[in-house]
Amino acid sequence: MINATSKIELIKGDITKLSVDAIVNAANSSLLGGGGVDGAIHRAGGPEILAECKKIVARQGGCKTGEAVITTAGKLPSKFLIHTVGPVWNGGGKDEAEKLSNCYINSLQLAVMSGAKSIAFPNISTGVYGYPKFEAAQVAVKTVSRFLTKNDKIEKVIFVCFDEENFLFLERELGLVKS
Ligand code: AR6
């Protein structure tokens, strides 16, 4: 049995600065950029990323909620960039949890397929898309832990929190503090 939690790290900071094999972008279905972490990633990574996104859009017409695509990371210190589209929070009755879970699973699967051993996630959907942070942290930890117990190709998963609230919820979910 693989101890999933020992492979998960939690940090506070800017995901664009991370030197890992793959970082994940909380994108939108157009794949053509936006605000939040998406804007920060495109700004820091340069125009090569958008150019590859446009090719994907021409090929498959964007990316559906819960799915993921992979591009170059451009000028970012990581090797790959995985774009996933989180659900917009709609009260919880529109399969938001399953869709958010799919974001983590599909991103991890793409990472494995491209040979990445380390991957960093932002707190998908918890910004503009309005997913409650506590519930999002539960989905993130449950989904990633499950994936890691079944798959030994990924050696490190980093949850990168930009804000204190997400950090505290994830810290608790990961059992790093006593509740
Ligand atoms: N590093 C790590 N996390 C960050 C950074 C950063 N540099 N910047 C923001 N965050 P959001 P969403 C956190 O809104 O809710 C975009 O316009 C932020 O604090 O970026 O999935 C897309 O194009 C928050 O906790 O993504 C879509 O249209 C988390 O990243 C839409 O927003 C996610 O917030 C997607 O909304």
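Since every read-out is calculated from the coordinates, none of them should be taken as a lab result. Please read these numbers as outputs of a predicted model, since none were measured by experiment. Neighbour counts are summed over all protein chains in view; Cβ atoms, including those assigned to glycine, are modelled from backbone coordinates with ideal geometry.
DSSP finds beta bridges in the chain, and of those with both partners inside it, around 25 percent are antiparallel. Label separation (GLU164 vs ASN151): 3.5 nm, computed from points 7 Å beyond Cα along the C-beta direction. Which shape class, rounded, prolate or oblate, goes with the stretch 107-179 when its Cα gyration tensor gives a ≥ b ≥ c as root eigenvalues, a/c under 1.5 marks rounded, and past that a/b bigger than b/c marks prolate? In terms of gyration-tensor shape, prolate. Our estimate of slack between VAL128 and ARG59, defined as 0.36 nm per intervening residue step minus the Cα-Cα distance, is 22.1 nm. Each of PHE134, PHE159, PHE80 was scored by other Cβ atoms within 10 Å of its Cβ. Listed from fewest to most, they are PHE134, PHE80, PHE159. Backbone geometry of the stretch 79-94 corresponds, through the Karplus equation with coefficients 6.51, -1.76 and 1.60 at θ = phi - 60°, to 3J(HN,Hα) couplings of 7, 10, 10, 10, 9, 10, 10, x, x, 7, 5, 10, x, x, x, 10 Hz, x marking Gly and Pro. Dividing the summed -39500 (n - 2.57) terms of all DSSP H runs of n ≥ 4 by the residue count of the chain sets its mean residue ellipticity at 222 nm at -12500 deg cm²/dmol.
Within the same chain, lysines fewer than 8 places from LYS99 are excluded, and of the rest, those with a Cα less than 21 Å from its Cα are LYS64, LYS133, LYS142, LYS150.
Counting other Cβ atoms within 10 Å, which trypsin sites (Lys or Arg not before Pro) in the stretch 1-106 have at most 13 and lie in a DSSP loop? Kindly include the intermediate steps, with their values, before the conclusion.
Details: sites: LYS7, LYS12, LYS17, ARG43, LYS54, LYS55, ARG59, LYS64, LYS75, LYS79, LYS94, LYS99; in loops: LYS64, LYS75, LYS79, LYS94.
Qualifying residues, ordered by number: LYS64, LYS75, LYS94.
Assuming charge only on the beta carbon of Lys and Arg (+1) and of Asp and Glu (-1), the dipole of the chain about its Cα centre is about 380 debye to the nearest 20.
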